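What follows is a short report on a single structure.
The numbers here are math on the coordinates, done by the rules we state, and not lab data. Note that the structure is a prediction, hence the values are computed from the model and not measured. When we count neighbours, we look across all protein chains shown, and the Cβ atoms used for this are built from the backbone with ideal geometry, even at glycine.
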């Protein structure tokens, strides 16, 4: 039995399709499904695959068998409890079902009753799969929860990936002329049809790179899976942030050096060309590896996982972070919501948490750690802005002082190259330094961040006091407090991410 990797994100392939498939059609249909899996595996060599299947007779079963034969884990998405579901199989189909179910990595019961059970399973598969494979002949569904119904659900699902249709002969319908062929359908949620393939390829590339980055990070001491993934994602973000800051400092240093060479006229101009060459090389390397966007995206994922873990441990099991996070940002950022949705599937979906309580250590640590973070971060950003302003003012004062002193000496008849340089060079360099610091302040939004962090500190402080009041027997619903607090944190972080993307790393030419 293939197990689901716990240290990274799997690409989820959902399966829906016809039940009455002729025996002679199974082998070519399995071959078509195998090609889909192979294509996806080649596109994302660092990302394992995971298949979601209802294990119904026909397409569900043959797809699950093909996946298991390739050591790809399968989650069985059952429309009702096993005992009730088994009533829907023929004797031979029941034997096949039981054999497959025993080999699945996990079973998720999507409904406790028969009524609307198949609809619930279709919705489950449509929601959690990055690629939906439909064994379909193109004919409308013959009942609720049928193949066409699931395709329709998928088409309406936010952040939905494409639908890979394998043309499948249906026992009670005319045989298609292009049986076993595949074609891809992109839901309208993915944007214009001409751009949708590019968005999907970009999403796969982001996921594959993310898996590489988090598997380079050692597992932490966290008790729960979602907590550990959050910590490892945060560690990867910290590593990439340090690289981004290094390249940013290189660009600022090169800009200042180039300006100094320009101002000090007797230095060889080739030095300025060299400085700019270093700057463009550093910029090209940083952009090629996408350090800045990777660090920002991983920070967004870590924040989403942090809130999801707190909600789950508080007993808000069916509150999904991706429903309230970055909803206005489609296209390039929708992969972040896909990541959050996957880890919810892996660690939270269909799993009761008996110890759930707003007093759970994960909830307490989230509120207290974020309270401390926003308090300290606001002060840190304000101090950084104050230091840069002070350095700029001191530099300009010294530059003006050098200009005044050298001017007075020149008036009294003193003549030298040094005095001529002191007349202009210090002031100009000080002005360049002040301009660079101002550019850095604006890019980092130090003042704006200090105010935003101050507001978030106030929100967490208020929630912290409200929770303590509830513990003391006062009024209030602790789950509602934590729910609203999580939403506020997600909104704030989404604003931060969008603001950062509006201020990309760039070469400064002086």
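Worth pointing out:
- When the square roots of the Cα gyration tensor eigenvalues are ordered a ≥ b ≥ c, the ratio a/c for the range 11-209 is under 1.5, which makes its shape rounded.
- Neighbour counts of C-beta atoms inside 10 Å place 479, 288 in the sequence 288, 479, starting with the fewest.
- Residue-span extension gain [residue 90 to residue 185] - 0.36 nm each, minus C-alpha spacing: 30.9 nm
- The range 250-298 - convex hull of alpha carbons, volume per residue in Å³: 50
- 0 to 90° range, to nearest 10: angle between helix 196-215 axis and the chain longest Cα axis: 80
- Relative to the longest principal axis of the Cα atoms of the chain, the long axis of helix 117-128 lies at roughly 30 degrees.
- Cβ crowding within 10 Å averaged over residues, with 481-487, 123-129 ranked highest first: 123-129, 481-487
- At R0 = 51 Å, FRET efficiency that the Cβ-Cβ distance of residue 3 and residue 249 yields, to 0.05: 0.70
- The order of the peptides 301-308, 400-407, 490-497 by mean Cβ neighbours within 10 Å, most packed first, is 301-308, 490-497, 400-407.
- Gyration tensor (alpha-carbon) shape descriptor, the range 16-66, a/c threshold 1.5: oblate
- If R0 is taken as 25 Å, the Cβ-Cβ distance between residue 498 and residue 461 corresponds to a FRET efficiency of 0.50.
- Cα gyration tensor shape of the range 105-153, rounded if a/c is under 1.5, else prolate or oblate by comparing a/b with b/c: oblate
- Helix axis angle, 291-314 relative to the chain longest principal axis, alpha carbon, degrees: 50
- Maximal additional length on extending the residue 411-residue 112 stretch stands at 98.1 nm, based on 0.36 nm per residue less the C-alpha distance.
- The chain: calculated mean residue ellipticity at 222 nm from DSSP helix runs of at least 4, using -39500 (n - 2.57): -21500 deg cm²/dmol
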